[in-house]
Amino acid sequence: MSGIDLHYPVAPRAARVSALTLVLLWLTACATTPAGRPAKDAGAAKPAAVEEPAARTEPERPKIALTEDLLNRILVAEVAVQRGLLEVAVKNYLDLARETRDPQVVERATQIAVYARNADAARDAAQMWVELDPDNPDPHQVLAVMALRDGDRERALEHLRNILDHAEGPVDQKLLLIANLLGREQDRDLILALMEQLVATRQDSPEALYAFAHVAARLGDLDRSRQLLERVLELSPQNDDAALSYVTILQRQERTNDALAWLEKTLQSRKDDDFNLRMAYARLLTDAKRYDDARRQFEILAVQAPNNLDVLYALALLYLQADRLDDAEEHFERLASRDDRGDNARYYLGRIAEERKDWTKAGVWYQGVQEGENYFDAQVRLGLTMARLGKVEEARAHLRGIRTSGVEQQTVLVQAEAELLTDEKRYDEAMKIYDAALAGGDNADLLYARAMLAEKMDRLDQLEADLRKILKQQPDHPQALNALGYTLADRTDRHQEAYELIKRALELSPGDFYILDSMGWVLYRLGRMDEAIDYLQKAMAARPDPEIAAHLGEVLWVTGNKDAAREVWNTALKATPDDSLLLDVIRRFSP
């Protein structure tokens, strides 16, 4: 039988132990401790709360003459191991084990058989090892797994109980050893039944129940794992490992709100604040997009651990998300000089400088990003900041020199260079960039970008051709549907056709404020004023954008509600006083 995969903990050593090592072991006194099993110091102090098994008597080793023939066979077996001829090694070592009955040779034969995934040989060798050293837990691990593979529950349980009785260490470590052994097997129901029997007499042991919960979770029985962890926490309320495991199980069961409620209640009930649990709570709040609550928790953590990099970084990101740029900048600056967070911190400091339109400072920060997940984006943004400082040709050269790792990044660089030229109103040059990139084949992102440039150039035929090409390949592309529909509504009299396109886009992406704005605008063009106002107000509620404000104000004005139109326009002007579209609409209707 072949194909065995026992994950036996000492098996890989079979490829490293030399023949000389084994020969030297044979030449030592019979009292020598087997390899890998250090002799116990009878006078050594035992750690508290550790269940030590009764002192095990090492098996007596037979005195065997090291003949030339025996040495030669050992060398043949070991050379076979080194050369990967595992079946040759298995046969030779199994023969040596049967002939010598030496515990160390038998152990070696078991290791190599397991390493070679030879189930029959591993079973024979491990059984021989158990006969020679019945209280040694190592061969019982091999035989327990093989009994499981054979479906022999009683025999597997016998070997597992031996491991529990004779392995060194506290009960939780021994059960976790068994848990790891069982957790790799496939017969879920059998393994859970075995584990239940092993802990049947330990129902008041948090360690035993925690190990069982670990196995149940690994095998996918999340309900049982959760119930076991609840019992563990009843017995040991301060057990952080169990608490964090419990939260993880609730998350895996998609019960995030339950996990949050439990963490909040637990943190309130504990007299001593628990850093790890509060960290888990803060991260879970972030995952749930409860950013204000998450920020408050990270602020508490920052008081407890003012130099914790994870806390500082999370807090900086949450300040940035809340548009508290000064606070975000302060935290990122503290991280900027750190090797493990520095590149990300410098990237976000560049983003903050960009938000403030401090292009020089942004460029300095982006130049400091040397690696990491934000490296590519930092380099692209560096090029764009150079252009904003008037160094357009240097910016183009920089963009073209950025290393890429795939089509997606290449596409980003094409768009960045073309948009850079578009901002300079060098439309023809930008169009050539897109044309050259698309000559090698269609790319939806580049087709869309070229279509938006074509609109600026009044080349509506090009815009429609590119967007239709996208929709032919991807009929459910909401952005292409919306862009074509809005352009037809705004720039042509094909309003009913525009309505159908925007309606389809809205079905695909009902919360998109741009599409809500387009629907309001096409309804206005169709003369359906009340509906138009309703959609435009929904768009404004989702995003107070100056273009949406311009549209809503125009419809309100045309329908006679001039005061409401002025209020919408004036509110928008406070946020974006230089928006050209907004200013143009106001001049047309309210000179």
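The values are calculated or read from the model by the stated rules, or taken from the named source; none is laboratory data. None of the values given here were measured: they were computed from a predicted structure. Don't worry about glycine lacking a Cβ; one is built from the backbone with ideal geometry, like all the others, and counts go over all protein chains shown.
What are the residues in the range 126-154 that are touching a residue at least 60 places away in the same chain (Cβ under 8 Å) and of a type in the set (S, T, N, Q), if any?
Hits for the range 126-154 are 136, 141.
May I ask you to verify whether residue 232 is among the β-branched types (Val, Ile, Thr), modelled with pLDDT of 85 or more and in contact with a helix residue (DSSP H, G or I) (Cβ under 8 Å, 6 or more places away or on another chain)? Explain how you work it out, then say what you get.
Working: among the β-branched types (Val, Ile, Thr): yes; modelled with pLDDT of 85 or more: yes; in contact with a helix residue (DSSP H, G or I) (Cβ under 8 Å, 6 or more places away or on another chain): yes.
Against the criterion (among the β-branched types (Val, Ile, Thr), modelled with pLDDT of 85 or more and in contact with a helix residue (DSSP H, G or I) (Cβ under 8 Å, 6 or more places away or on another chain)), residue 232 qualifies.
Just one of the numbered conditions (1) at pLDDT below 70; (2) surrounded by fewer than 16 Cβ atoms within 10 Å (Cβ to Cβ); (3) in contact with a Leu (Cβ under 7 Å, 6 or more places away or on another chain) is not true of residue 197; which one?
(1)
Residue 294 fails exactly one of the following numbered conditions: (1) under 22 Å from residue 212 (Cβ atoms); (2) modelled with pLDDT of 95 or more. What is the number of that condition?
Checking residue 294 against (1) under 22 Å from residue 212 (Cβ atoms); (2) modelled with pLDDT of 95 or more, the one that fails is (1).
The rows are residues; the columns are (1) more than 28 Å from residue 173 (Cα to Cα); (2) modelled with pLDDT under 85.
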{"position": "34", "(1), (2)": "no, yes"}
{"position": "43", "(1), (2)": "no, yes"}
{"position": "88", "(1), (2)": "yes, no"}
{"position": "112", "(1), (2)": "no, no"}
{"position": "127", "(1), (2)": "no, no"}
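Yes or no, residue by residue, for (1) touching a Ser or Thr at 6+ places or on another chain (Cβ under 6 Å); (2) closer than 22 Å to residue 323 by Cα; (3) surrounded by fewer than 17 Cβ atoms within 10 Å (Cβ to Cβ):
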| residue | (1), (2), (3) |
| --- | --- |
| 346 | no, yes, no |
| 356 | no, yes, yes |
| 363 | yes, yes, no |
| 373 | no, no, yes |
| 376 | no, no, no |
| 388 | no, no, no |
| 393 | no, no, yes |
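Could you look through the range 258-299, keep only residues that are buried (at least 20 other Cβ atoms within 10 Å of the Cβ) and among the small types (Gly, Ala, Ser), and pick out the one that is farthest from residue 317 (Cα to Cα)?
259
Of the residues that make up the range 115-129, is at least one within 22 Å of residue 64 (Cβ to Cβ), among the acidic types (Asp, Glu) and either in contact with a Cys (Cβ under 9 Å, 6 or more places away or on another chain) or crowded, with 22+ Cβ neighbours inside 10 Å (or both)? Full working, then the answer.
Restricting attention to the range 115-129, the residues satisfying the condition of being within 22 Å of residue 64 (Cβ to Cβ) are 121, 124-129.
Now restrict to residues that are among the acidic types (Asp, Glu): 124.
If we keep only those that are either in contact with a Cys (Cβ under 9 Å, 6 or more places away or on another chain) or crowded, with 22+ Cβ neighbours inside 10 Å (or both) too, we end up with none.
Within the range 115-129, none of the residues are within 22 Å of residue 64 (Cβ to Cβ), among the acidic types (Asp, Glu) and either in contact with a Cys (Cβ under 9 Å, 6 or more places away or on another chain) or crowded, with 22+ Cβ neighbours inside 10 Å (or both).
Against the condition surrounded by 16 or more Cβ atoms within 10 Å (Cβ to Cβ), out of contact with any Pro (no Cβ under 6 Å at 6 or more places or on another chain), over 17 Å from residue 121 (Cα atoms) and touching a residue at least 24 places away in the same chain (Cβ under 8 Å), how does residue 64 come out, does it pass? Let's see the steps before the verdict.
Values: surrounded by 16 or more Cβ atoms within 10 Å (Cβ to Cβ): no; out of contact with any Pro (no Cβ under 6 Å at 6 or more places or on another chain): yes; over 17 Å from residue 121 (Cα atoms): yes; touching a residue at least 24 places away in the same chain (Cβ under 8 Å): yes.
Criteria not met by residue 64.
Within the range 315-346, how many residues are within 14 Å of residue 292 (Cα to Cα) and either hydroxyl-bearing (Ser, Thr, Tyr) or in a loop (DSSP other than H, G, I, E, B) (or both)?
Residues flagged as within 14 Å of residue 292 (Cα to Cα) and either hydroxyl-bearing (Ser, Thr, Tyr) or in a loop (DSSP other than H, G, I, E, B) (or both) within the range 315-346 amount to 4.
Under 8 Å by Cβ, and 6 or more places apart or on different chains, what pairs join a residue from the range 353-381 that is assigned to a loop (DSSP other than H, G, I, E, B) with one that is aliphatic (A, V, I, L, M)?
356/325; 368/336; 369/378
So, in the range 506-520, of the ones that are of a type in the set (A, V, I, L, M) and surrounded by fewer than 24 Cβ atoms within 10 Å (Cβ to Cβ), which residue ends up farthest from the chain's Cα centre (by Cα)? Give the steps one after another, and end with the answer.
Keep residues of the range 506-520 that are of a type in the set (A, V, I, L, M), which gives 506, 508, 515-516, 519.
Of the ones still in play, those that are also surrounded by fewer than 24 Cβ atoms within 10 Å (Cβ to Cβ) are 506, 508.
On the way: 506: 32, 508: 28 Å.
Looking at the filtered set, the residue picked out is 506.
Just to check your reading of the model, which residue among 155, 149 is modelled with pLDDT of 85 or more and either among the charged types (D, E, K, R) or more than 18 Å from residue 90 (Cβ to Cβ) (or both)?
Checking each option against the conditions leaves just 155.
When you go through 165, 172 one by one, which is the residue that is of a type outside the set (S, T, N, Q) and either modelled with pLDDT under 75 or crowded, with 17+ Cβ neighbours inside 10 Å (or both)?
That would be 172, the only listed residue that is of a type outside the set (S, T, N, Q) and either modelled with pLDDT under 75 or crowded, with 17+ Cβ neighbours inside 10 Å (or both).
Taking residue 518 and the conditions (1) more than 27 Å from residue 494 (Cα to Cα); (2) touching a Phe, Trp or Tyr at 6+ places or on another chain (Cβ under 7 Å), which numbered condition does it fall short on, given that it satisfies the others?
Exception for residue 518: condition (1).
Only one of 445, 435, 377 is within 30 Å of residue 475 (Cβ to Cβ), under 28 Å from the mean Cα position of the chain (by Cα), at pLDDT 95 or above and not β-branched (Val, Ile, Thr). Can you tell me which?
Being within 30 Å of residue 475 (Cβ to Cβ), under 28 Å from the mean Cα position of the chain (by Cα), at pLDDT 95 or above and not β-branched (Val, Ile, Thr) holds for just one of 445, 435, 377, which is 445.
Report, by residue number, each residue of the range 412-454 that is of a type in the set (S, T, N, Q) and outside any helix (DSSP H, G or I).
Once the filter is applied, which keeps residues that are of a type in the set (S, T, N, Q) and outside any helix (DSSP H, G or I), the range 412-454 yields only 443.
Just one of the numbered conditions (1) at pLDDT 95 or above; (2) over 13 Å from residue 516 (Cβ atoms); (3) surrounded by fewer than 21 Cβ atoms within 10 Å (Cβ to Cβ) is not true of residue 580; which one?
(1)
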